[in-house]
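Read through the structure below, which is laid out as structure tokens, and then see the notes.
The values are calculated or read from the model by the stated rules, or taken from the named source; none is laboratory data. Quick caveat: nothing in here was measured; it's all calculated off a predicted structure. With ideal geometry, Cβ positions are generated from the backbone for all residues, glycine too; neighbour counts draw on all protein chains shown.
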Amino acid sequence: MAPIGKTDAMLTIDAQVHAYERDHAGRPWVDVLTGPPEVTGDAMVDAMDAVGVDGAILVSPWTMYRYDESYALEVYAAHPGRFGLVKPVDPADPAVTETIAHWAAMHGTLAIRIMLSHGVTSDPGDPGINRVLAAAADHGLPVNLSCNGRLEQVARLAATNANTRLVIDHLGLKQPRVPPTPPVPFGELPKLLDLARYENVAVKISGACTLSLAPFPYDDLWDPLGRVFDAFGFERCMWGTDWTRAANLLSYGQAVEPFRLTGRLSDGERADLMGRTLQRIYNWNSQGPTAPGRSP
């Protein structure tokens, strides 16, 4: 919950974290996500508390659980007010619109997610993808897109689904899971910047610290990130850590502090980036995510 005396505008909310149990027979993993062998909801809250992060968007980890959101729901119930929920959906599932409707009706749900970068067709006219985007708009749910290598496809989807709020995960860039950082980490940045012309597209500045070639506090990030801020405006940019994918490259605190320490942001820009924009796009208030009935 927000500390006493803290206003909505001052909340620090992480745009993407993951929580998961160890692999076990009751909830077996499909695959292995890079990171610690277990990051429970309790452990995630402890990490947030240690650095003054008020809340986070908990994205059910597709790698381990695919479309099973049951652990994320358990974490949400155990920590009222701390998490909003995002569920991956399968565009190829004939019942996906019913899945979205059911998800939208549940308290605490903020968005759905499509894993474009993981075997989903690259055809922007695909009926399944467009059915998902239309259903999300009908229910006022943003759609998070895991889309590195697919930004041209996102442009076509944004143009043909203007009523759907699209949120680009992790700057739309391929980010490392283990050292070293690629030598040209922002090589695809122009493709992201091109998406700024679509007003329905927002971007998570999540996992950005893993793209730095410099030591903490990663001062080489501010020129490329400045281009993103200039293109999208702070009303469409949201800070996040992508914890736990980033765990092999830096600590949770190191993913938070550069955005607090830098002199490249005004106080108002920092407030937008680290919580205020997220509150508006995902319909979050100081008590956590609100009930369904959002407008895109």
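Annotations for the structure displayed:
- Residue that is surrounded by the fewest Cβ atoms within 10 Å (Cβ to Cβ) [pool: residues in the range 247-268 that are in contact (Cβ under 8 Å) with a residue 60 or more places away in the chain and not polar (S, T, N, Q)]: Gly253
- Screening the candidates Ala162, Ala202, Ala231 for the property of being in a loop (DSSP other than H, G, I, E, B), at pLDDT 95 or above and hydrophobic (A, V, I, L, M, F, W, C) yields one hit, Ala162.
- Enumeration of residues in the range 63-110 that are in contact (Cβ under 8 Å) with a residue 40 or more places away in the chain and basic (Lys, Arg): Arg82
- Residue match in the range 17-32 (condition: under 19 Å from Asn283 (Cβ atoms), at pLDDT 95 or above and crowded, with 18+ Cβ neighbours inside 10 Å): yes
- Remark: pairs (first residue in the range 221-240, within 19 Å of Asn283 (Cα to Cα); second residue assigned to a helix (DSSP H, G or I) and of a type in the set (Ser, Thr, Tyr); Cβ separation under 8 Å; 6+ apart in sequence or on different chains) = Phe234/Thr277; Glu235/Thr277; Arg236/Thr277; Cys237/Thr277; Met238/Thr277.
- Checking Gly128, Gly172 one by one, the residue that is without any contact (Cβ under 8 Å) to a residue 60 or more places away in the chain and within 18 Å of Gly207 (Cα to Cα) is Gly172 and no other.
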